[in-house]
Amino acid sequence: MRPRRFLPNGALRGRVRVPGDKSISHRAIMLSSLAVGESRITGLLEGEDVLATAAAMRAMGAHVERTGSGEWRVNGVGVGALLQPEQALDMGNSGTSTRLLMGLIASHPIQATFVGDGSLSKRPMGRVIEPLSLMGADVTSTVGGRLPLILRGASPAVPIRYRLPVASAQVKSAVLLAGLNTPGITTVVEPVPTRDHSERMLRGFGADLNVEVDDDGARVITVRGEAELRPQVIDVPGDPSSAAFFVVAALLVEGSDLTIENVGLNPTRAALFDVLRQMGGSIEEVNRREVGGEPVADLLVRHSALRGIEVDPSVAPSMIDEFPILFVAAAMAQGRTTTSGLDELRVKESDRLAVMATALSAAGARVEEREDGLVIEGTGGELLRGGSNHPVATHLDHRIAMSMAVAGLVSRSGVEIDDTRPIATSFPTFEGLLDGAAISEARA
């Protein structure tokens, strides 16, 4: 355990750059490993989750090599040529690695055992197991569809038309990745749009992928199997989920004027920034551009007086990972913020609704936990009381740890986190950047 108390430390000023987008980093490693030839990646997130993906692809035959800070070179084996790993694939805390790699392996004639840490082993995989089983994969899992599990791929796999019962980019991506080595056309019907990094990157690597909108408004995504992927040069933009912590911190800490560089603003990921603007947040996009098919900009964020709102549940898929930090913003807003439609948060690295309700209440916020969301009565800008001598239980959840770290910056007595180690899964440099952004004000 590595506890730390986060205390008010002055305004956040200057410029920071967050690590590369985690979702894009995972996919860049995977698809480069399936392309014949050498791909080069810059800006890759080097957190533990992405490193778990890199290790798994090495175990299945790809040559994955780090050549510098955020710079990687991958020589792929080709679609259909993955090798059977000699040992269990250790996914650590990464649900994305697990679900997407299950899709990749499902249409290859190999067997793989997936294991993970205590937190990941509690997360259900049934929503991925169901469509992959329809394609012919055989999965033996722990009770409840949990890790450890053994997946035996099908050869040949069976193309399916699968309508997502819940909005999930991971399930969508797993089926599309399985479709790469499946004869014929594999189709995913998505009633509610989710992050579309897989579709963008699959096209970029040369997959025959099409997206249409059905009569009922659903996205119909098709991929033609037995694909031949071409190696690429990929520049990974900054992760909006990581930028979110600095955006909220700058909005809440008085006197802050912070620029966050090179943030990916894919419309299926950036809903948090729109919601914060609805609450009165000053978030300006500077130098908007496109990098590798993804919209990118620098975000100029200034301290703002926020007001509570009712968050439209339809935006949840576009900001599902950002709700913990939104709850911190709501705790400091003027009036009531209501969220709903967030059942998905109960099956993340932790039950994020219950854990954030407990953590914020302990820090002095007024929070009501409902079945599918939280209702928060804000302080109107007044500092939170702060935590007692009992540290926040983060349940090995990196986003809980970082969210409550930000809460500590706007509290009177600070907030103690029980263990900061899980932060390294997605944002290894978080604490240093947070300290540095506040220190720059003292130097100014």
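The values are calculated or read from the model by the stated rules, or taken from the named source; none is laboratory data. What you see is a predicted model; the values in this text were computed from it and never measured. Backbone-built Cβ (ideal geometry, glycine too); neighbour counts: all protein chains shown. These area figures cover heavy atoms from the full protein model, side chains too; ligands, DNA and RNA do not enter into them. Shrake-Rupley method; radii C 1.70, N 1.55, O 1.52, S 1.80 Å.
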Practice item. For the chain, count all C-alpha to C-alpha pairs, find those more than 29 Å apart, and express that count as a whole percent of the total. Key: 45
Check your understanding: If we count every other residue with Cβ under 9 angstrom of residue 300's Cβ, Lys/Arg +1 and Asp/Glu -1, where does the sum land?
Key -> -3
Exercise for review: Sticking with the crude label model, points 7 Å out along Cα→Cβ, report the distance from residue 347 to residue 435 in nm, one decimal please.
Suggested key: 3.9
Check your understanding: Once the principal axes of the Cα atoms of the stretch 290-444 are found, what is the range along each, listed largest first in whole angstroms?
Key -> 46, 43, 32
Point to revise | DSSP bridge pairs, the chain: antiparallel proportion in percent, nearest 5 | key: 75
**Study point:** 222 nm mean residue ellipticity, helices alone, for the chain (DSSP H n ≥ 4; -39,500 (n - 2.57); rounded to 500)
**Key:** -9000 deg cm²/dmol
Revision key, fill the gap. Along principal axes, largest first, the alpha-carbon spread of the stretch 327-416 in whole Å comes out as 32, 29, 16
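Keeping all protein chains in place, calculate the accessible area per residue for the chain (probe 1.4 angstrom), answer in Å².
37
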Check your understanding: Which percent of the accessible heavy-atom area of the chain goes to carbon and sulfur, probe 1.4 angstrom?
Key -> 48
Review point. How much FRET efficiency would the formula 1/(1 + (r/R0)^6) give for residue 130 and residue 412, where r is the Cβ-Cβ distance and R0 is 45 Å, rounded to 0.05?
Key: 0.40
Review point. Which whole number of Å³ per residue matches the convex hull of the alpha-carbon atoms in the stretch 34-159?
Key: 98
